[in-house]
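Below: the structure, in structure tokens.
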Amino acid sequence: VRGLRLCPIPGALAVVVAMAGKGPPDIAGMTSLKVDVAGALPDKWNAEELRDLFEKFGEVGDVFIPREKYSERSRPFAFVRFPRDSDAREAIKEMNGYKLQGSMLTVSKANRSREMARETGGEGGKEGGRKTTILY
């Protein structure tokens, strides 16, 4: 089986399955916005709903909602990326302070790139865009 390796862990046998996907989308040249939620996560806190919410300002190139490392629950922030900087600026102007199902959104230009986040352990510690699952 391609991508299947045995991994020696004291006291346990682990099978590591590297899930080869496309990896993260190419966001080079896009303007990244960070969207923070204050309060409880809205029911509409998913990539599709956020894309719909932000598309009124222009083409959305990517939406990414990080997940908690062990629980897979959505974290209270997301990244929305626009190919056109002017669309991103308009989205910040209109969406900062917006209430989504009673939860306040704070929208600002992201201050770190994906690469910088990886260097400091951000984005869930993914390695090279590949997801690794350990089965015991």
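The values are calculated or read from the model by the stated rules, or taken from the named source; none is laboratory data. A quick note: this is a predicted structure, and the numbers were derived from the prediction, not measured. Cβ atoms come from the backbone with ideal geometry, glycine included; neighbour counts cover every protein chain shown. Note: areas computed on protein heavy atoms with side chains; ligands, DNA, RNA excluded. Shrake-Rupley method; radii C 1.70, N 1.55, O 1.52, S 1.80 Å.
Of E49, E59, E94, which has the most accessible area with a 1.4 Å probe, and how do the rest follow in descending order?
Largest to smallest exposure gives the sequence E59, E94, E49.
At a Förster radius of 22 Å, what calculated FRET efficiency corresponds to the Cβ-Cβ distance of S86 and A47, to the nearest 0.05?
For R0 = 22 Å, the calculated efficiency reads 0.45.
I'd like the per residue volume of the convex hull spanned by the Cα atoms of segment 31-109, given in cubic angstrom.
Convex hull of Cα atoms, per residue: 80 Å³.
I want to check the label-to-label distance for K56 and K93. Put each point 7 Å from Cα in the C-beta direction and report it in nm to one decimal.
Calculated label separation equals 1.5 nm.
Which order, highest average first, do 50-57, 70-77 follow once you tally other Cβ atoms within 10 Å for each residue and take the mean per peptide?
Top of the packing list down: 50-57, 70-77.
How far, in nm, would the chain grow between K69 and A38 when pulled straight, counting 0.36 nm per residue and subtracting the alpha carbon separation?
9.1 nm
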